[in-house]
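The values are calculated or read from the model by the stated rules, or taken from the named source; none is laboratory data. If you're wondering where the values come from, they're calculated on a predicted model, not measured in any experiment. No Cβ is skipped: glycine too gets one built from the backbone with ideal geometry, and neighbour counts run over all protein chains shown.
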Amino acid sequence: MITSETRAETRSETREEPLSIGEVAARTGLSVHALRFYEREGLLVGPVRRSTGGRRRYAACDVEWLLICVKLRESGMPLAELKRFAELVRQGPGNEAERLQLLDAHRRRVDAQITALEECRSVITWKVDVYAEHLARGEAAGLWDPTA
């Protein structure tokens, strides 16, 4: 049964309150300076709304988009590619194949980085084991000693 209280809860859930730049910074991990940079560089998919006092007001969908951007940047996507991806999203339907191509190329680069890091970790693990074994036996003196 829908009561007036339930309707009020539903309205408040669907009507989102705009977020300040500080709130968005807290939710995304981006600094206020970085958020302004993202806006200037055209990395957002929609215009940032302003309050009557000129303060930036963000919607929940802006936060969702920024969280995607953060992960793409953290994974090494070049700024130019992120700009292109944002531009394609802003253009709307019809360019999904190009978006997919861009994301797939980035995924392949990330996969290659992961493989390289796993190889590095393997070498490091081997060296840790060598040192641990020698130290445990009291035979660590002279390990990789360039003066010997």
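Here is the figure for the range 31-71: residues that are touching a helix residue (DSSP H, G or I) at 6+ places or on another chain (Cβ under 6 Å) and of a type in the set (D, E, K, R) total 1.
From the list ARG36, ARG27, pick out the single residue that is assigned to a helix (DSSP H, G or I), over 19 Å from ALA86 (Cα atoms) and of a type outside the set (Gly, Ala, Ser). Give the steps one after another, and end with the answer.
Numbers: ARG36 fails: over 19 Å from ALA86 (Cα atoms).
The unique qualifying residue is ARG27.
Just one of the listed residues (LEU43, LEU66, LEU30) is in the same structural domain as ALA86 (by TED's automatic domain parsing) and touching a Cys at 6+ places or on another chain (Cβ under 7 Å), and it is LEU43.
Of everything in the range 55-64, what is within 14 Å of ARG90 (Cβ to Cβ) and in contact (Cβ under 8 Å) with a residue 24 or more places away in the chain? Give them in sequence order. Before you say what the answer is, go through the steps one by one.
Residues of the range 55-64 that are within 14 Å of ARG90 (Cβ to Cβ), as a first pass: 61-62.
Of everything in the range 55-64, just one residue is within 14 Å of ARG90 (Cβ to Cβ) and in contact (Cβ under 8 Å) with a residue 24 or more places away in the chain, namely ASP62.
Within the bounds of the range 40-53, is there any residue that is acidic (Asp, Glu) and without any contact (Cβ under 8 Å) to a residue 24 or more places away in the chain? No, because not a single residue in the range 40-53 is acidic (Asp, Glu) and without any contact (Cβ under 8 Å) to a residue 24 or more places away in the chain. Pairing residues of the range 107-134 that are modelled with pLDDT of 95 or more with residues that are surrounded by 10 or more Cβ atoms within 10 Å (Cβ to Cβ) and not in a helix (DSSP H, G or I), at Cβ distances under 7 Å and at least 6 apart in sequence or on separate chains, gives ARG109/GLY76; VAL110/SER75; VAL110/GLY76; GLN113/GLY76.
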